Amino acid sequence: MTDLSPAAQYIVNAAVESGGGYGRATPVLHARLAAALRAAAEIVAPLSYEDVWTDGRILQYEKHDSVREKLLAIADELEGAK
(Lines give C-alpha, C1' and ligand atoms only; values in the text may rest on other atoms or scores of the structure.)
Protein backbone atom coordinates (compact mmCIF):
# COMPACT_ATOMS: atom_id res chain seq x y z
CA MET A 1 0.00 0.00 0.00
CA THR A 2 1.22 3.50 -0.75
CA ASP A 3 1.90 6.02 1.96
CA LEU A 4 -1.12 8.22 2.59
CA SER A 5 -1.18 11.85 3.63
CA PRO A 6 -2.02 12.43 7.31
CA ALA A 7 -5.56 13.53 6.37
CA ALA A 8 -6.24 10.42 4.29
CA GLN A 9 -4.67 8.14 6.89
CA TYR A 10 -6.82 9.70 9.61
CA ILE A 11 -9.97 8.93 7.60
CA VAL A 12 -8.88 5.34 6.97
CA ASN A 13 -7.97 4.84 10.63
CA ALA A 14 -11.33 6.22 11.76
CA ALA A 15 -13.16 3.85 9.40
CA VAL A 16 -11.15 0.84 10.57
CA GLU A 17 -11.54 1.71 14.25
CA SER A 18 -15.29 2.27 13.88
CA GLY A 19 -15.58 -1.46 13.23
CA GLY A 20 -14.25 -2.20 16.70
CA GLY A 21 -10.70 -2.32 15.41
CA TYR A 22 -11.39 -5.47 13.44
CA GLY A 23 -11.55 -3.83 10.02
CA ARG A 24 -8.78 -3.67 7.47
CA ALA A 25 -7.63 -0.94 5.13
CA THR A 26 -8.48 -2.68 1.87
CA PRO A 27 -8.87 -1.23 -1.62
CA VAL A 28 -12.64 -1.69 -1.25
CA LEU A 29 -12.61 0.37 1.95
CA HIS A 30 -10.56 3.07 0.20
CA ALA A 31 -13.05 3.14 -2.68
CA ARG A 32 -16.00 3.44 -0.30
CA LEU A 33 -14.33 6.23 1.65
CA ALA A 34 -13.48 8.05 -1.58
CA ALA A 35 -17.11 7.81 -2.70
CA ALA A 36 -18.29 9.19 0.64
CA LEU A 37 -15.84 12.10 0.38
CA ARG A 38 -17.01 12.87 -3.16
CA ALA A 39 -20.61 12.93 -1.95
CA ALA A 40 -19.66 15.25 0.92
CA ALA A 41 -17.79 17.52 -1.50
CA GLU A 42 -20.88 17.79 -3.68
CA ILE A 43 -22.98 18.77 -0.66
CA VAL A 44 -20.46 21.38 0.50
CA ALA A 45 -20.13 23.03 -2.91
CA PRO A 46 -22.09 21.67 -5.86
CA LEU A 47 -20.53 22.04 -9.28
CA SER A 48 -23.23 24.48 -10.40
CA TYR A 49 -22.17 28.10 -10.06
CA GLU A 50 -25.65 29.30 -11.00
CA ASP A 51 -27.09 28.95 -7.49
CA VAL A 52 -24.23 30.99 -6.04
CA TRP A 53 -24.60 33.81 -8.53
CA THR A 54 -28.36 34.11 -8.06
CA ASP A 55 -28.30 34.56 -4.31
CA GLY A 56 -25.03 36.52 -4.13
CA ARG A 57 -22.95 34.27 -1.89
CA ILE A 58 -19.84 34.34 -4.05
CA LEU A 59 -17.37 34.67 -1.15
CA GLN A 60 -18.97 31.78 0.70
CA TYR A 61 -18.77 29.67 -2.43
CA GLU A 62 -15.06 30.40 -2.82
CA LYS A 63 -14.51 29.26 0.76
CA HIS A 64 -16.57 26.11 0.22
CA ASP A 65 -14.80 25.49 -3.08
CA SER A 66 -11.52 25.23 -1.17
CA VAL A 67 -13.07 22.64 1.16
CA ARG A 68 -14.46 20.82 -1.87
CA GLU A 69 -11.04 20.71 -3.51
CA LYS A 70 -9.46 19.29 -0.34
CA LEU A 71 -12.11 16.58 -0.03
CA LEU A 72 -11.72 15.64 -3.69
CA ALA A 73 -7.92 15.55 -3.35
CA ILE A 74 -8.19 13.09 -0.47
CA ALA A 75 -10.70 11.01 -2.46
CA ASP A 76 -8.28 10.94 -5.42
CA GLU A 77 -5.50 9.86 -3.09
CA LEU A 78 -7.57 7.05 -1.60
CA GLU A 79 -8.59 5.81 -5.03
CA GLY A 80 -4.94 5.75 -6.09
CA ALA A 81 -3.76 3.88 -2.99
CA LYS A 82 -2.85 0.27 -3.61
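What to note about this one:
- Of all residues in the range 26-41, those that are within 15 Å of TYR10 (Cα to Cα) have Cβ atoms under 7 Å from Cβ atoms of residues that are assigned to a helix (DSSP H, G or I) and among the small types (Gly, Ala, Ser), 6 or more apart or on another chain, in LEU29/ALA15; LEU33/ALA15; ALA34/ALA75; LEU37/ALA75.
- Figure legend. Inter-residue proximity from the range 1-20: first residues surrounded by 13 or more Cβ atoms within 10 Å (Cβ to Cβ), second residues assigned to a helix (DSSP H, G or I) and of a type in the set (Asp, Glu), beta-carbon distance below 7 Å, spacing 6+ or different chains. Indicated pairs: LEU4/GLU77; ALA8/GLU77.
- Unique match (being surrounded by 12 or more Cβ atoms within 10 Å (Cβ to Cβ), under 17 Å from the mean Cα position of the chain (by Cα) and modelled with pLDDT under 90) among ARG68, ARG57, ARG32, ARG38: ARG68
The values are calculated or read from the model by the stated rules, or taken from the named source; none is laboratory data. Note that the structure is a prediction, hence the values are computed from the model and not measured. Here Cβ is always computed from backbone atoms with ideal geometry, including for glycine, and neighbour counts include all displayed protein chains.
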